[in-house]
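The values are calculated or read from the model by the stated rules, or taken from the named source; none is laboratory data. What you see is a predicted model; the values in this text were computed from it and never measured. Cβ: placed from backbone, ideal geometry, glycine included. Neighbour counts: every protein chain shown. All accessible areas refer to the heavy atoms of the entire protein, side chains included, with ligands and DNA or RNA removed. Shrake-Rupley method; radii C 1.70, N 1.55, O 1.52, S 1.80 Å.
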Amino acid sequence: MIVGNEDSRIIEETLNSGIARGIFKNRSVVIFGCTPYARNIRDCLRKHGIELDAFIDNNLRKVGAECLGVRVFKLEDYFKDKNREVIVIIASKLFKTTKDIIM
């Protein structure tokens, strides 16, 4: 699946809005879902100097591997020992119907 121009624009606008409001400051960032949208999200964040801490995925075949060079965890394993704030970005086509409530 290829992410279309409109999807890419929505991803970038949504993330840029959150970045402008400072919601990523002093927080770890993870993406839930190793999907085609993940690359767009990662690339947009990188433009602003924000690197991913991890990926989270329910697919056990992906857990332990890497997605875009970043380690993939099960949800409960990633959060087991976390003592700081984490932003979880859901990489799903669902964002098209919920874009008004994201961030």
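In the range 24-37, the residues that are of a type in the set (Gly, Ala, Ser) form Cβ pairs under 7 Å with partners that are part of a loop (DSSP other than H, G, I, E, B) and open to solvent by 30 Å² or more (accessible area, probe 1.4 Å), at six or more places apart or across chains, as follows: 28/53; 28/84; 33/92. Within the range 1-14, track down each residue that is open to solvent by 50 Å² or more (accessible area, probe 1.4 Å), out of contact with any Cys (no Cβ under 7 Å at 6 or more places or on another chain) and under 30 Å from residue 83 (Cα atoms). 13 - this is the single residue of the range 1-14 that is open to solvent by 50 Å² or more (accessible area, probe 1.4 Å), out of contact with any Cys (no Cβ under 7 Å at 6 or more places or on another chain) and under 30 Å from residue 83 (Cα atoms). As for the range 70-78, it holds no residue that is more than 23 Å from residue 26 (Cα to Cα), at pLDDT 90 or above and touching a Gly at 6+ places or on another chain (Cβ under 7 Å).
To keep it simple, each residue is scored yes or no on (1) touching a Leu at 6+ places or on another chain (Cβ under 8 Å); (2) modelled with pLDDT of 90 or more.
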residue	(1), (2)
20	no, yes
37	no, no
42	yes, yes
50	no, yes
54	no, yes
65	no, yes
88	no, yes
92	no, no
101	no, no
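Within the range 15-32, the set of residues being open to solvent by less than 70 Å² (accessible area, probe 1.4 Å) and more than 12 Å from the chain's Cα centre (by Cα) comprises 16, 17, 18, 19, 22, 23.
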